[in-house]
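Heads up, the thing below is written out as structure tokens.
The values are calculated or read from the model by the stated rules, or taken from the named source; none is laboratory data. Small disclaimer: the values here were computed from a predicted structure and weren't measured. Note that we place each Cβ from the backbone using ideal geometry, even for glycine, and neighbour counts take in every protein chain shown.
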Amino acid sequence: MTVTFGKDEIEAFKEAGNVGAGHAAIALTKLFSRHVDMTVPFVRYGDVKTILDEAGFDKDMLVAYEDLDITEPVKYKLAVFFKPESVLNILSVLTATSRNKLTNEADLTNMQKSLIQEIGSTIILRYIAALNKMMKIDAMPKDAPVIKFDQAEAAFSRLFQNNQDNDVFLIQLNLFTEEQRFECQLFIQPDVASIEDYRKAFHLA
């Protein structure tokens, strides 16, 4: 049976998404050494297939992504995806280099991959901090997120299809500096076993 949150729980996650986005923009401002601004995050909640469609990925598109699992005191999976254009735009700001196309992981140097990994890790950890603050918990991942590359549909399916009973939140961030714009898609899949814990933590039980 698919487990769904009610309206109040969804609004609580949206609020956490807005807070996390703001924290991420501040942290990225420091990393980029220039002001990073954002639009209001786009937030959706639904089953695995619906959310993949909402994210707007071509199924064969190469994506850069990082993921991790939180296992206590609540359980959820979290991942951040970057489309090729966003990867290239980020690198153009950070390294003052430009290229028009990214079709293979081998197109990037190890240093460039490390830079994208740092950006992804910053965004993920800021969202965890926002959720921790809202729920008054101290959840931390056991392992640091690592950058990976794959086709969008394959990556998304590998991460989320094994737990199709658990719906997924999509939080799309549109960020920009004076020189470039880039977006990323953050996916959060709360575990069915933690539903009541979430409701209690959000003071909704």
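Points to keep in mind about this one:
- For the stretch 10-24, a residue qualifies if it is in contact with a helix residue (DSSP H, G or I) (Cβ under 9 Å, 6 or more places away or on another chain) and of a type in the set (A, V, I, L, M), and the qualifying residues are Ala12, Ala16, Val19, Ala21, Ala24.
- Residues of the stretch 158-172 satisfying the condition of being polar (S, T, N, Q) and either in contact with a Cys (Cβ under 9 Å, 6 or more places away or on another chain) or in contact (Cβ under 8 Å) with a residue 60 or more places away in the chain (or both): Gln161, Asn163, Gln164, Asn166, Gln172
- Selection within the stretch 1-45 - touching a Phe, Trp or Tyr at 6+ places or on another chain (Cβ under 9 Å), of a type outside the set (A, V, I, L, M), surrounded by 15 or more Cβ atoms within 10 Å (Cβ to Cβ) and at pLDDT 85 or above: Gly20, His23, Arg44, Tyr45
- Pick from the stretch 152-183, criterion buried (at least 21 other Cβ atoms within 10 Å of the Cβ) and part of a strand (DSSP E or B), ranking: modelled with the lowest pLDDT: Asn166
- Flag if Ser114 is out of contact with any Gly (no Cβ under 9 Å at 6 or more places or on another chain) and surrounded by fewer than 13 Cβ atoms within 10 Å (Cβ to Cβ): yes
Okay, residues lined up against (1) within 16 Å of the chain's Cα centre (by Cα); (2) in contact (Cβ under 8 Å) with a residue 40 or more places away in the chain:
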residue: Glu66; (1), (2): yes, yes
residue: Asp69; (1), (2): yes, yes
residue: Leu78; (1), (2): yes, yes
residue: Lys83; (1), (2): yes, yes
residue: Ser98; (1), (2): no, no
residue: Thr103; (1), (2): no, yes
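- Filter result (assigned to a helix (DSSP H, G or I), farther than 16 Å from Lys83 by Cβ, of a type outside the set (Gly, Ala, Ser) and in contact (Cβ under 8 Å) with a residue 24 or more places away in the chain) within the stretch 118-145: Glu118, Thr122, Ile124, Arg126, Tyr127, Ile128, Leu131, Lys133, Met134, Met135
- Filtered by the rule that a residue be small (Gly, Ala, Ser) and within 21 Å of Ser33 (Cβ to Cβ), the stretch 55-107 gives Ser86, Ser92, Ala96, Ser98.
- Among the candidates Ala64, Ala79, residue that is of a type in the set (Gly, Ala, Ser), surrounded by 15 or more Cβ atoms within 10 Å (Cβ to Cβ), within 15 Å of Phe182 (Cα to Cα) and modelled with pLDDT of 90 or more: Ala64
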